1. Please list 511-518, 450-457 highest first by mean number of surrounding beta-carbon atoms within 10 Å per residue.
2. With labels modelled as points extended 7 Å from the Cα through the Cβ direction, what inter-label distance (nm, one decimal) is found for residue 723 paired with residue 404?
3. Rounded, prolate or oblate: which fits segment 194-366, taking a ≥ b ≥ c as square roots of the Cα gyration tensor eigenvalues, rounded meaning a/c under 1.5, else prolate when a/b beats b/c?
4. Taking every DSSP beta bridge that has both residues in the chain, what percent is antiparallel when rounded to the nearest 5?
5. For the pair residue 412/residue 658, report the inter-label distance in nm, with labels modelled 7 Å from Cα in the Cβ direction.
6. Assuming 0.36 nm per residue, please report the length gained on full extension of the stretch residue 431 to residue 81 beyond their Cα-Cα distance.
7. Counting only C-alpha contacts under 8 Å and six or more residues apart, can you give the relative contact order of segment 296-421 as a whole percent?
8. Where in segment 189-218 does the amide nitrogen come within less than 19 Å of the point 7 Å from the Cα of residue 29, taken along Cα to Cβ?
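Nothing in this text is a laboratory measurement; each read-out follows from the coordinates by a stated rule. Keep in mind that what you see is a predicted model, and the values were worked out from it rather than measured. Ideal geometry is used to build each Cβ from the backbone, glycine not excepted, and the neighbour counts take in all protein chains shown.
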């Protein structure tokens, strides 16, 4: 079960339900808790009845705590100034939304929530890093609607697509436009609530009380009646040329496009505009109709849309006549798809009325394949494959959404207060009494993470690595994060003792079977570097064996190369880190046959690795490590005098160097402390100058030409005053190189 914050662009109680409400319900039905955030507005308010009504409703609800609207779904309505993301108004909106989410966190106890957003301006309101993962669900080209700030929305959406963990689109044109911006981009076509609209087929349906008294065929349209979307001139021509048919329209008029004028349409006696009707009653209206219509224009908006009502019509069993927009082109076997021309619509309707075209069974079967529950389950499975879903079951004390709740929680404050007494005892030299006091406190609060971390630090400081490791495992089981372990792994200053002591510490941590793979893997990576520093051959051999096991597990998992978790939790990054570390260990052991084999395995991994398939931040930050690893593989190809293998390695390096310069990575490359692109350019240029023809082994370069590339394996830049280190390694390869 995951907690999900759903940032909508439609209010929960809007009479025309769209993807936002349906996705929230489907997530709840699949066992998750959903906090539905009513629309923040993507344009400024208009002075009309619709916007005035929304503003009044928002003012009434804005100060309420989350209200539960159905099992697993709660709704909040933040007080915001619609469409304002900049300046003082923007700051007030961010403050109001975050205060609203903080109150919701207090009320619902949100733990490591995902953010599922439909709002392209999300980054103007929220810090994405506060969520376990962020999904942008793009269901239409909202900037193509009338009155929208097109340039601002376009820029915000482009930025958001690159920043989120995953991107879901509902139409082929949306996927074409946005898909290349995100490694986790997937197109899931639109769907419908098939069970709900299937009620139209129940026998004995009575007509609603406001159903018009009509004779002959009835054609129905349900949805927003807006001039930017519907082809009103075509409809007027169709209606006037077919007076024997009745046309029923259900939905608000001009809600999005206030220029909508249906006066001419309504002037026809065979047109009945009923206005909005409750979602629950729509199947009863559909049950009275003979044909369902989707009379759309073909424009910038409709080319990027996938109308949900198409599958709602199918689920109700009705024949559908629709404009042939791009998203529907693969549905021509279950509906009549025609140009937006009155004669074409009229001809198709006449064929439907005489029984031609797809059968009702075909329509219902297709609708059954396109349901919210099915699509949402597929989306969640996709997130799981990318490594973005929280661990199941969640840790008992998994971090809440808001950091303040952790900082000011009673267990933490209690732990800090008790640690005050412990530190006093330590200062007066009563170390044993201090630890006894700490253990006594833990017997009273055995799950207190603050106390557990304090005891773990003290155990590690005195060399009790097994005891410290056991405490770290308890912390991981409690909160699912283990900040103390993160500090030990990635903050060198937090490691106790000498490098020899640290080798023993990471020996103990690497042996843990309770820690997750990314922690266990980096424990083995750090342990290996400590063994290299210690010049301990026996420890190095153990380290190589441990890294081999991690690499086998990572290569076996098909999801490793499409992991979208950030940075150190990314499995692809761990794979490359482990590959490089194993190579460095084998170099320290001067195990040449092992280096040849490991280089071959690395090249196979590099061929499978696609930087466009993982998180862009991670792909950028691992550029140096994969280039260093491949540099070693190139040197081993030089060692074995294999010009073809050398060229293959260089080819992979060229591919990855080109990829790292792709515009997708620009926002990250300019912010990293290290110049990954410059590093890649430099090492590729050095190795490219060392190529030799397959047909002329005598042109293989001299050892000295490879000293500079090897220096970049050892050091972050060319430290030629340390060239002897690289030269010694290359010379250790010479005997086998000559014999080959």
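1. Ranking, from highest mean packing down: 450-457, 511-518.
2. The modelled label-to-label distance comes out at 6.0 nm.
3. rounded
4. So the antiparallel bridges amount to about 10 percent of the total.
5. Roughly 4.9 nm, to one decimal.
6. Roughly 120.2 nm would be gained on extension.
7. Details: 91 pairs, mean separation 25.0, N = 126.
Relative contact order, segment 296-421: 20 percent.
8. The answer is 189-202, whose backbone nitrogens lie closer than 19 Å to the label point.
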